[in-house]
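Working notes, beginning with the structure itself.
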Amino acid sequence: MALVSLTDVTKTYPDPSNRKKQIAAIDGVSLDIQAGEIYGIIGYSGAGKSTLVRLINALESATSGSILVDGAEVTTMREGQLRKLRLGVGMIFQQFNLFNSKSVRANIAYPLKVAGVPRAERIRRVNELLAFVGLTEKARSFPDQLSGGQKQRVGIARALATSPRILLADEATSALDPETTHEVLGLLKKVNQELGITIIVITHEMDVIQQIATRVAVMENGRVIEDGEVYSVFSNP
Ligand code: ADP
Ligand code: ADP
């Protein structure tokens with residue numbers, strides 16, 4: 001059984017220029033993401049990628065269709081179940097979304113604090129995560145004292161803090177140069193291989209998908225126009 005399974009999912013918004021009309025940001029999307037894989041979603045700006053992310057982590061509800069995560073139907077979940085679901089989905093972002101007024105270790109500790117994890121356990125976990133992402137020496141630094149690649153390492157550590165099953169990377173390397181991108185993708189591979197976490201990589205960059213994903217869905221105008229193994233999807237002209 002797939003870990004994430006979308007069947008004929010549609011999400012419409014009122015058209016800002018004509019409130020009586022609807023725009024389909026997602027238009028009949030079906031896809032299956034298997035546990036343990038690195039799955040890419042690629043498309044130009046406006047293709048519907050961010051909307052798809054917000055549907056998968058249940059920040060928004062679908063207009064129609066079915067979304068199963070771990071066999072559970074997300075579209076009919078109540079708030080309590082949704083909160084639990086969101087805890088199982090870590091997120092990293094293009095602009096890192098770190099708290100600039102908090103130290104590296106406090107950034108990583110934040111989700112644990114929100115979850116009510118006791119201080120001693122938080123400190124143990126933060127140290128483990130710092131070691132995993134290679135930032136032990138930067139524990140007391142602040143985000144503006146870090147390079148872009150280091151900031152994203154903090155973002156990854158923070159996303160992993162509550163031990164999610166799924167990591168959603170939304171344009172997570174789009175603000176980084178190619179060398180740093182390669183480095184961060186290497187860390188994501190380690191997250192996948194050593195922790196067994198399923199990773200969904202959303203990007204507009206084919207190179208990123210080719211470096212990291214095994215399967216990919218190509219989105220255009222809210223639809224998946226092609227999907228399958230990366231080598232076969234990208235091999236044809
Ligand atoms: P991508 O992430 O691939 O750039 P988006 O999911 O952000 O694409 O957007 C897909 C389409 O849905 C775009 O046409 C966008 O304008 C529209 N859209 C996204 N979010 C909203 C919203 N909250 N209200 C109205 N239209 C939206
Ligand atoms: P700062 O990291 O800026 O000194 P705090 O002392 O308030 O800020 O710590 C913020 C969070 O960082 C704490 O809630 C705790 O979980 C974590 N933390 C604090 N001290 C350590 C430590 N020695 N090692 C690892 N994490 C720590």
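Listing for the model above:
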item: Heavy-atom surface of the chain, accessible at 1.4 Å and reported per residue (Å²); result: 50
item: Gain on full stretching of the segment that runs from residue 84 to residue 15 - 0.36 nm per residue minus C-alpha separation; result: 21.6 nm
item: Accessible-area order (highest first, 1.4 angstrom probe) of the listed residues 207, 170; result: 207, 170
item: Shape call, the range 113-233: gyration tensor on alpha carbons, a/c limit 1.5; result: prolate
item: Computed magnitude of the charge dipole of the range 3-52 (debye, nearest 20; Cβ of K, R +1, Cβ of D, E -1); result: 380
item: Long-range amide H partners of residue 40 with built H, under 5 Å; result: 201, 214, 215, 216, 217
item: Residue 74 accessible area, 1.4 Å probe, all protein chains in place, Å² to nearest 10; result: 10
item: Where trypsin sites (Lys or Arg not before Pro) in DSSP loops with at most 10 other Cβ within 10 Å are excluded, longest remaining stretch of the chain; result: 141-237
item: Solvent-accessible surface ranking, highest first, for 219, 1, 91 at 1.4 angstrom; result: 1, 91, 219
item: Order of exposure, largest accessible area first, which applies to 7, 181 with probe 1.4 Å; result: 7, 181
item: Overall form of the chain per C-alpha gyration tensor (a/c, 1.5; a/b vs b/c); result: prolate
item: Two-site label geometry, residue 8 and residue 214: point separation in nm, points 7 Å out along Cα→Cβ; result: 3.0
item: With every protein chain in place, the range 30-155: carbon and sulfur % of accessible area (1.4 Å); result: 50
item: Of 66, 90, 126, farthest towards positive along the dipole that unit charges on Lys, Arg, Asp, Glu beta carbons give the range 1-134; result: 126
item: Exposure rule at most 13 other beta-carbon atoms within 10 Å, DSSP loop chymotrypsin sites (Phe, Trp or Tyr not before Pro): the chain longest free segment; result: 100-237
item: Cut-off under 5 Å, modelled amide H: who pairs with residue 22 long-range; result: 15
item: Set 102/151; 84/190; 102/138; 11/113; 11/190 screened for pairs whose C-alpha atoms are more than 23 Å apart; result: 84/190; 11/113; 11/190
item: For residue 171, net neighbour charge (Lys/Arg +1, Asp/Glu -1) across residues whose Cβ lies under 11 Å away; result: -1
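The values are calculated or read from the model by the stated rules, or taken from the named source; none is laboratory data. Computed from a predicted model, the values in this text were never measured in an experiment. A quick note on method: Cβ atoms are made from the backbone with ideal geometry, for glycine too, and the neighbour counts reach across all protein chains shown. Calculation scope for accessible area: heavy atoms of the full protein, side chains included, ligands and nucleic acids excluded. Shrake-Rupley method; radii C 1.70, N 1.55, O 1.52, S 1.80 Å.
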